[in-house]
Amino acid sequence: MADRLRRWLARRNPPVREIGEVCALTELRPGQTGRVIEIDAENPVRSERLQVLGFVKDAEVYLLQTKPTYIVRVGFTEVSVEQSIGAGIKVLVG
């Protein structure tokens, strides 16, 4: 029983990323900030749209929520990002 509870809690509470660690945007917890270092978009149009919204290199992002979708503040803009798109945005946790 305790083992099942530990596994369930591990799924609900992903590990907190350390400052200076590089991870995907989707691996941050709500309330954490990061600095964009790379965008791995499958097509160039998506990459260009993300840049227009403010996802450029060295832009500071703040994760507001993860459920039902990822809400990120970039500058003065709040953007809803799908999980597949957020997984392609690499950030330096800060």
- Output yes when any residue across segment 44-53 is closer than 21 Å to GLU21 by Cβ, surrounded by 12 or more Cβ atoms within 10 Å (Cβ to Cβ) and either modelled with pLDDT under 95 or among the charged types (D, E, K, R) (or both), and no when none is. no
Taking segment 82-94 and the residues there that are of a type outside the set (D, E, K, R) and part of a strand (DSSP E or B), the one that is farthest from ALA41 (Cα to Cα) would be VAL93
Taking segment 31-51 and keeping residues among the β-branched types (Val, Ile, Thr), without any contact (Cβ under 8 Å) to a residue 60 or more places away in the chain and within 18 Å of TYR70 (Cα to Cα) leaves VAL36, ILE39
Among residues of segment 58-81 being part of a loop (DSSP other than H, G, I, E, B) and modelled with pLDDT of 95 or more, the residue nearest to ILE37 (Cα to Cα) is ASP58
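The values are calculated or read from the model by the stated rules, or taken from the named source; none is laboratory data. Since the model is a prediction, treat every value here as computed from it, not as a measurement. Virtual Cβ from ideal backbone geometry, glycine too; neighbours counted across all protein chains shown.
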